[in-house]
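Since the structure comes first, as structure tokens, the remarks are kept for the end.
The values are calculated or read from the model by the stated rules, or taken from the named source; none is laboratory data. Computed from a predicted model, the values in this text were never measured in an experiment. Every residue, glycine among them, receives a Cβ derived from its backbone with ideal geometry; neighbour counts consider all protein chains shown. All accessible areas refer to the heavy atoms of the entire protein, side chains included, with ligands and DNA or RNA removed. Shrake-Rupley method; radii C 1.70, N 1.55, O 1.52, S 1.80 Å.
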Amino acid sequence: MAEVMKLHYVVSGDDFTRAGETSSKVKKTLNQLGFRPEVVRKVAIAMYEGEINMVIHADGGTIDVDISSDEIVIVMQDKGPGIPDVEKAMQEGFSTASNNVRELGFGAGMGLPNIKKYSDVMEIDTQVGKGTKLRIVIYAKE
Amino acid sequence: MTVSELATRLDLKVYTGEQSTRERCVSGCYIGDLLSLAMSKVQMDSAWITIQTNMNIVAVSSLADGACIIIADGFVPDDSTLEKAKEQEVIILGSELSAYDIAKKLAELGI
Ligand SMILES: Nc1ncnc2c1ncn2[C@@H]1O[C@H](COP(=O)(O)OP(=O)(O)O)[C@@H](O)[C@H]1O
Ligand SMILES: [Mg+2]
């Protein structure tokens with residue numbers, strides 16, 4: 001598969017109930033395309049965490065997924081508050097999530113660390129007051 | 001062991017999951033209520049014991065490819081959770097027992 005399959009999604013910001021839906025769709029697509037289960041799992045986890053962050057911290061955003069036989073590239077973009085200190089945000093357990101959100105089981109401060117752990121490339125481009133762009137690459141080859 | 005057998009042996013309440021989907025095998029178990037942790041720690045085909053009842057548990061179990069969710073301590077899943085679980089074909093079971101007691105029984109069964 002030399003050519004790239006491109007998927008585009010809009011994630012709404014107020015809808016906890018639908019958080020994870022995009023990740024599920026992409027997971028299904030990758031399974032259908034025959035990617036290895038380990039690859040699919042990495043994409044599902046990394047994407048879910050990014051999607052949840054857009055919902056709980058940034059009022060939603062967009063997700064673009066480029067799938068080729070070599071790699072899966074996920075770009076998640078939002079117009080939220082941005083991340084003032086990325087290094088701190090990357091630490092396990094650091095979270096600014098509200099108590100409401102925590103009661104639902106979110107806000108463990110493990111999202112960004114999980115993305116780092118399950119992706120091969122992770123780039124954060126963020127500006128306070130403007131938004132955040134997260135680019136994740138997961139290699140599909142063994 | 002299949003999810004069906006597990007449900008029978010532990011006398012679990014079956015909230016969602018058709019008989020046919022419950023033929024899936026279970027091995028391993030993770031206990032926890034934080035979604036991000038569960039997401040990375042629930043292994044493929046394992047049972048996830050939690051007291052969370054909101055619909056986000058469905059996405060986590062489905063994305064992590066867990067075999068089933070077991071809700072401990074008699075907590076009851078929300079209606080929206082059940083709806084989502086049916087849609088995503090995620091099996092939700094329930095028990096009056098604590099997570100510890102459920103896990104002990106799973107261990108006795110060799111899971
Ligand atoms: N898209 C985003 N927009 C703004 N802030 C973010 C975004 N993603 C993450 N953050 C910040 O980084 C922190 C750590 O994120 P994460 O590791 O996913 O933990 P959690 O989401 O559980 O708080 C968040 O609490 C938040 O302050
Ligand atoms: Mg997060």
**Item:** Residue in segment A:35-45 that is surrounded by fewer than 18 Cβ atoms within 10 Å (Cβ to Cβ), more than 15 Å from ligand 2 (Cβ to nearest atom) and under 14 Å from A:Val10 (Cβ atoms) present
**Value:** no
**Prompt:** Restricting the search to segment A:75-98, which residues are away from ligand 2 (no atom under 12 Å from the Cβ) and within 14 Å of chain B (Cβ to nearest Cβ)?
**Reply:** A:Gln91
**Asked** Any residue in segment A:114-136 that is open to solvent by 30 Å² or more (accessible area, probe 1.4 Å), near ligand 1 (Cβ under 8 Å from one of its atoms) and either touching a strand residue (DSSP E or B) at 6+ places or on another chain (Cβ under 8 Å) or modelled with pLDDT of 95 or more (or both)?
**Response** yes
**Fill in**
The helices (runs of 4 or more DSSP H) lying entirely within segment A:32-142 that contain at least 2 residues which are polar (S, T, N, Q) are A:99-103
**Message:** Given the criterion more than 18 Å from B:Ser40 (Cα to Cα), more than 9 Å from ligand 1 (Cβ to nearest atom) and open to solvent by less than 50 Å² (accessible area, probe 1.4 Å), identify the matching residue among A:Ala140, A:Ala97.
**Reply:** A:Ala140
**Item:** Verdict on A:Arg102 being within 9 Å of ligand 1 (Cβ to nearest atom), free of Cβ contacts under 8 Å to residues at least 12 places away in the same chain and closer than 29 Å to B:Glu87 by Cβ
**Value:** yes
**Message:** Which pairs turn up if I take residues in segment A:10-24 that are closer than 14 Å to B:Leu63 by Cα and within 13 Å of chain B (Cβ to nearest Cβ) and look for partners that are part of a loop (DSSP other than H, G, I, E, B) and open to solvent by less than 20 Å² (accessible area, probe 1.4 Å) with beta carbon separation below 9 Å, at least 6 apart in sequence or on another chain?
**Reply:** A:Ala19/A:Phe106
**Message:** Checking the structure you have, find out if any residue of segment B:61-78 is touching a helix residue (DSSP H, G or I) at 6+ places or on another chain (Cβ under 6 Å), at the interface with chain A (Cβ under 10 Å from one of its Cβ atoms) and not aliphatic (A, V, I, L, M).
**Reply:** yes
**Message:** Criterion first (away from chain B (no Cβ under 11 Å) and within 15 Å of ligand 2 (Cβ to nearest atom)) does A:Gly60 satisfy it?
**Reply:** yes
**Asked** Among the residues of segment B:33-53, which ones are closer than 24 Å to A:Glu92 by Cα and either among the basic types (Lys, Arg) or assigned to a strand (DSSP E or B) (or both)?
**Response** B:Lys41, B:Trp48, B:Ile49, B:Thr50
**Fill in**
Taking segment A:46-57 and keeping residues surrounded by fewer than 24 Cβ atoms within 10 Å (Cβ to Cβ) and closer than 17 Å to A:Val73 by Cβ leaves none
**Asked** Of the residues A:Glu38, A:Glu71, which single one is modelled with pLDDT under 95 and away from ligand 1 (no atom under 14 Å from the Cβ)?
**Response** A:Glu38
